[in-house]
Amino acid sequence: MKKSIAVISTIFLATVILSGCGNKIEEGATKESTQNTASSSVGTTETEAEAGKTTVIKTDNGDFELSLLDGWKEIDPEEVNDYADLAIENTKRDMYLMVLSEPEEYYEDFDEFLSVAAVTELVDTVTEESSFEAIEENGWTGQREIFSGEMDGLEIFYIYDLLASENGHFVQRVAWTSAVWRENNEEEMKEVLASVVDVSEPDKE
């Protein structure tokens, strides 16, 4: 199965993950409460990141470098999607990110990759129409789609990148949070997304 189609399970699992904080979110999350949550005395684990830490995660579908900012930690990718190659989370601020990577030869071209990834069709209701922007950074080219959608009564804000790397991979880079936390979380989500770099050995063919 091509992973672009498999992204459907991301939508459902994102709903499950975020539903744990649903009561707090429904009451209204302000910038102040978000900052308090981020700086609270919740116990940290040994795997939780130090601010600005850079790590390389080796997968069956490429090696990826990314920066784990304060509060972020690596988790088992299968916790968010059966086909994900890497996943990280910041549970204090309800932010999640995953990468699904495939060899580019699985597709005729990048346009075919784009055509099978109509992710907004997978939510019950699109609550904010998609905006698009071109991406050309750190060896990636492609597009970014930003939208919000409702699933099972929970509104989720997504940043969804479809990218080709210089090293021969087509990648879905996806970050999400509760829509009411967008103002507080969007810039950091973009910063972490931008830190994901394909450091695989390029194909020699």
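Each value in this text was obtained by applying a stated rule to the coordinates, not by laboratory testing. As the structure is a prediction and not an experimental result, all values here were calculated from the model. Ideal geometry is used to build each Cβ from the backbone, glycine not excepted, and the neighbour counts take in all protein chains shown.
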Report task. Identify the residue in region 137-177 that is free of Cβ contacts under 8 Å to residues at least 40 places away in the same chain and of a type in the set (Asp, Glu) and, among all such residues, is surrounded by the most Cβ atoms within 10 Å (Cβ to Cβ). Result -> ASP161
Requested in this report: Consider ARG173 carefully, then state whether it is of a type in the set (Lys, Arg) and in contact with an Asp or Glu (Cβ under 8 Å, 6 or more places away or on another chain).
Outcome: yes
Report task. Identify, by number, the condition in (1) surrounded by 15 or more Cβ atoms within 10 Å (Cβ to Cβ); (2) free of Cβ contacts under 8 Å to residues at least 12 places away in the same chain that GLU108 doesn't meet. Result -> (1)
Query raised in the report: Given the residues LEU68, LEU100, which is the only one that is touching a residue at least 12 places away in the same chain (Cβ under 8 Å) and under 11 Å from the mean Cα position of the chain (by Cα)?
Result: LEU100
